[in-house]
Amino acid sequence: MSYAPDGRQYQPYRPEGQQPQQPYGDQYGRPSYGQQQPYESQGGYQPPYGQQQPPYEQRAPYGQEPPYDEEPEYQPRRKSRVKRWVIAGVSLLALGGIAAGVMAYYEIPPFTDKGSAVSFGKPPAGEGKKGDTPQPANSKMLMPTGPQAEFKNSMTLADGTHVAVTTLAGKKSGFTGKVWVWAPKEYNDPKFAKSGFPVMIALPGGAGFPNNYWMGTDLGLQTSIAKWYTEGKSKPFILAMPVLNPAPDDKGIYWDGSDIPDQPKMGTWLTEDVPDLMKANFRTVKSRDGWAFMGSSTGGFAGLKAVLKHPDKFKAVIASGPDIVPDSSLWKGHDKEKAENNPEILAKQLIDKKGPDVYLAFQVGDSENNKKTLPDVQKFIATFGNKGPIHTDLRIIKGGQHNAKTYVPNMGEGPIQFISKVMEGPVE
């Protein structure tokens, strides 16, 4: 008996009114002993009324019979059913996998852990277990001061670490915005349980609002720092990634990471509130030796200016494709405040004061869309670099353009090593 490809049974051809022949000497449906069997006048057995007589295999015409040593091809129905069940099962699994992938992509629980609570290491001081050993007075490490922020997972990296986000209401700036954080896997390593880690505040270019593009894993900043640390090039920095601006710059307006009069105090937000958040929730380094900035474009300017303006709090910066002077249109009518946030003026003042030492690592592509970027950086270094407390380094990226994808890989070829050599952490 043969089967159609979809499992439907082919019925053998039976001419109209023709009954199949029965095997010689054996009547179909022979009843058990003692039971009457009905006969028609012709003598053949007929099934009870309403029951269809099972079909017999149609014999081939005379002369076309198969050889006696060949069995007619026969495939049991059971195998076809098994095959259909297998196909159905595989199809369901495939559809389930596709559905799970779609739900994970659109961040639908339980196929993603996005939005789940994230805790970074030991609770803040005063919220741990009774009997915790107090921190030694001469320790270089600062225990979390609290209060503990509510962090939600933004994404999970391949090594199990998390990029988490919280909404920070800045007590000193009065500005409320998002901050993303990431800690390397070493932070939760028992070997470093009593160690404070260095912090790098990473600032984006462009709008810098409502997101900080460094929080995404597509640029590879987190995985690069982890890799550079294993290669001995970098400190195991904790990353703080705050919004740079209080609103979109769709009208060409930005805030220069500064406290511009009558505007949100973004300078205080970046240099006071964000570091306070990190100290409240992480084991950090007490001194400025564990605090640095990095940024690209406008974020590079903001980080450069923050280190030069607050050398008592921050020791180093990696500034990629930065502006050198403030140029926001919001400075109009505020020349005095604008000068107070000018890196050229701040650098001269620091040299005159003879310290403290700061380390400024620049990197600029030779194909930046703004052709003034490289000459402006070179002029700054020629004027102030390696004079007194100002230590500078410049990496010119051949073929490099004005974008983060250019800057991240090249950080590992010089800038991250330049600042890591002078910073501390992990420390006890």
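The values are calculated or read from the model by the stated rules, or taken from the named source; none is laboratory data. Fair warning: this is a prediction, and the values are worked out from it, not measured in the lab. Ideal geometry is used to build each Cβ from the backbone, glycine not excepted, and the neighbour counts take in all protein chains shown. Areas reflect the complete protein model, heavy atoms only, side chains present, ligands, DNA and RNA absent. Shrake-Rupley method; radii C 1.70, N 1.55, O 1.52, S 1.80 Å.
So what is the accessible area of segment 284-428 per residue, in Å², with the probe set to 1.4 Å?
Numbers: 6000 Å² over 145 residues.
So segment 284-428 comes to 41 Å² accessible per residue, rounded to a whole number.
Would you list PHE362, PHE418 from the most to the least accessible area, probe 1.4 Å? Numbers along the way, then the final one.
On the way: PHE362 0, PHE418 50 Å².
Accessible-area ranking of PHE362, PHE418, largest first: PHE418, PHE362.
Enter the per residue convex hull volume of segment 279-428, computed from alpha-carbon coordinates, in Å³ rounded to the nearest integer.
Working: hull volume 19.5 nm³, N = 150.
Per-residue hull volume (Cα only) is 130 Å³.
Between Rg and the Kirkwood Rh of segment 271-311, both from Cα atoms, what is the Rg to Rh ratio?
Numbers: Rg = 11.0 Å, Rh = 11.1 Å.
Over the Cα atoms of segment 271-311, Rg/Rh equals 0.99.
Rounded, prolate or oblate: which fits segment 371-428 when a ≥ b ≥ c are the square roots of the eigenvalues of the alpha-carbon gyration tensor, with rounded for a/c under 1.5 and prolate only if a/b beats b/c? Can you show the working numbers first?
Details: a/c = 3.16, a/b = 1.22, b/c = 2.59.
Judged from the Cα gyration tensor, segment 371-428 comes out oblate (a/c at least 1.5, b/c at or above a/b).
Taking Cα centroids, how far is segment 156-207 from segment 364-420 in Å?
After rounding, the separation between the Cα centres reads 25 Å.
Tell me, what HN-Hα J-couplings in whole Hz come from the Karplus equation 6.51 cos²θ - 1.76 cosθ + 1.60 at θ = phi - 60° for each residue of segment 340-355, using x for Gly and Pro?
Coupling constants for segment 340-355: 6, 10, 9, x, 5, 5, 5, 5, 4, 5, 5, 5, 5, 7, 6, x Hz.
For segment 348-428, which whole percent of the accessible surface, found with a 1.4 angstrom probe, sits on carbon and sulfur atoms?
Values: 1910 of 4070 Å².
Whole-percent figure for carbon plus sulfur exposure: 47.
Enumerate the amide H contacts of ILE238 below 5 Å, restricted to partners 5 or more residues apart or on another chain; note that Pro and chain-start residues carry no placed amide H.
VAL199, MET200
Return the sequence-ordered ³J(HN,Hα) values of segment 159-169 in whole Hz as given by the Karplus equation 6.51 cos²θ - 1.76 cosθ + 1.60 applied to θ = phi - 60°, using x for Gly and Pro.
8, x, 6, 10, 9, 10, 10, 9, 9, 9, 8
Near ASP256, within a Cβ-to-Cβ distance under 9 Å, what is the net charge of the other residues, with Lys and Arg +1 and Asp and Glu -1?
On the way: positive: LYS305, LYS338; negative: ASP323, ASP327.
So the surrounding residues net to 0.
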